[in-house]
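Below is one structure; the comments refer to it alone.
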Amino acid sequence: MNHLQLFGNIVRKRSFLCVGLDSEIDKIPPFLKKLKDPVLEFNKKIIDATHAYTVAYKPNVAFYESSGAEGWLTLDATVKYIRKKYPDIFIIADAKRGDIGNTSKMYAKAFLENMPFDAVTVAPYMGEDSVTPFLSYKDKWVVLLALTSNKGADDFQYHNEDGLKLYQRVLTLSQKWGSIDNLMYVVGATRAEMLKDIRKIVPDHFLLVPGVGAQGGSLQEVAKYGMTNKCGLLVNSSRGIIFADNTENFAKVAGEKAKEMQLEMECYLKERNLI
């Protein structure tokens, strides 16, 4: 899937929503826990309830690999379920990998070849040779960490050297490695006011924006400062959708929450005359 195809899905669904499948076993409804694979069943119901309102899913790998081999099987089954039932939906492995070239090559093979993800999140700290193995796959994407929303982001990402903050250097330099068709960036919604300056550096790349909803980020602010003439945004919501209810109605409520976000997104797309 390239940049224009992703935008086409956004127009068709009138949404730039990404649902984070951070499916923590301790938070799923208790009645599911008697099943053989409760997380997989939870994911299937969430996916079925929200697919009409989202253009992307983002399983956070940590919530699966924490369960060992069984967790990896659940992750693989979840991705294959999406791919089979809703093949147009973009799937991101939130794995935050980043290591020396040979190791990155194996990580890339794991997520972009052996599991049918469309994209994987990658940390840029080790530089170009740790990122380019992921960019070698046709029609696959790297989602590069640029400016995150956690408190510790201040430790490194704002370090200023020669008038250029570290996250700005990441944005500037990495554009030489990929293109708008295979490279997007993580920019936290809790720093939405900074999207205006970020767009001066990366005017056309897609941005994956976490932090809306439970983390307090404003969807309106993200759209105001970050939207391009091809939308250029995937806004992620995890807990605010998938854990909105803990009863047997959890999937129905998740669908309602996803629809609420989709309707708000539709308004912002209309304001920019994109739909």
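The values are calculated or read from the model by the stated rules, or taken from the named source; none is laboratory data. These numbers were taken from a predicted model, which means no experiment stands behind them. Heads up, the Cβs are rebuilt from the backbone with ideal geometry, glycines too, and the neighbour counts pull from every protein chain shown. Only protein heavy atoms, including side chains, enter the accessible area calculation; ligands, DNA and RNA are left aside. Shrake-Rupley method; radii C 1.70, N 1.55, O 1.52, S 1.80 Å.
Only one of the numbered conditions (1) part of a loop (DSSP other than H, G, I, E, B); (2) open to solvent by less than 50 Å² (accessible area, probe 1.4 Å); (3) under 19 Å from Asp48 (Cβ atoms) is not met by Leu274, and that is (3). Restricting to segment 104-129, and then to whatever is among the hydroxyl-bearing types (Ser, Thr, Tyr) and at pLDDT 95 or above, can you tell me which residue is farthest from Glu41 (Cα to Cα)? That would be Ser104.
Annotation: Ser104 fulfils all but one of (1) within 20 Å of Val143 (Cα to Cα); (2) outside any helix (DSSP H, G or I); (3) among the small types (Gly, Ala, Ser); the unmet one is (2). Among residues of segment 118-136 being without any contact (Cβ under 8 Å) to a residue 40 or more places away in the chain and in a loop (DSSP other than H, G, I, E, B), the one that is surrounded by the fewest Cβ atoms within 10 Å (Cβ to Cβ) is Tyr125. For segment 171-194, enumerate the residues that are open to solvent by less than 30 Å² (accessible area, probe 1.4 Å), at pLDDT 90 or above and over 15 Å from the mean Cα position of the chain (by Cα). If the condition is that a residue be open to solvent by less than 30 Å² (accessible area, probe 1.4 Å), at pLDDT 90 or above and over 15 Å from the mean Cα position of the chain (by Cα), then Leu171, Ser174, Gly178 are the ones that fit. Among the residues examined, Leu6 qualifies as in contact (Cβ under 8 Å) with a residue 40 or more places away in the chain and not in a strand (DSSP E or B).
Criterion applied to Gln262, Gln215, Gln220 was being under 18 Å from Gly20 (Cα atoms), polar (S, T, N, Q) and at pLDDT 90 or above, and the one residue passing it is Gln262. Only residues that are surrounded by fewer than 17 Cβ atoms within 10 Å (Cβ to Cβ) and touching a residue at least 12 places away in the same chain (Cβ under 8 Å): list them for segment 106-115, please. Correct list: Glu113 only. Of the helices (runs of 4 or more DSSP H) that lie entirely inside segment 12-93, those containing 2 or more residues that are of a type in the set (Lys, Arg), at pLDDT 95 or above and open to solvent by 50 Å² or more (accessible area, probe 1.4 Å) span 38-50, 69-85. Right, Val143: touching a helix residue (DSSP H, G or I) at 6+ places or on another chain (Cβ under 8 Å) and open to solvent by less than 50 Å² (accessible area, probe 1.4 Å) or not? Criteria not met by Val143. Quick check on segment 218-231. Is at least one of its residues under 18 Å from Ser15 (Cβ atoms), open to solvent by 30 Å² or more (accessible area, probe 1.4 Å), among the hydrophobic types (A, V, I, L, M, F, W, C) and touching a helix residue (DSSP H, G or I) at 6+ places or on another chain (Cβ under 8 Å)? No, that holds for no residue.
Close Cβ contacts (under 8 Å, 6 or more residues apart or on different chains) running from residues in segment 42-67 that are touching a residue at least 60 places away in the same chain (Cβ under 8 Å) and more than 15 Å from Gln262 (Cα to Cα) to residues that are open to solvent by 50 Å² or more (accessible area, probe 1.4 Å) and not in a loop (DSSP other than H, G, I, E, B) comprise Asp48/Lys85.
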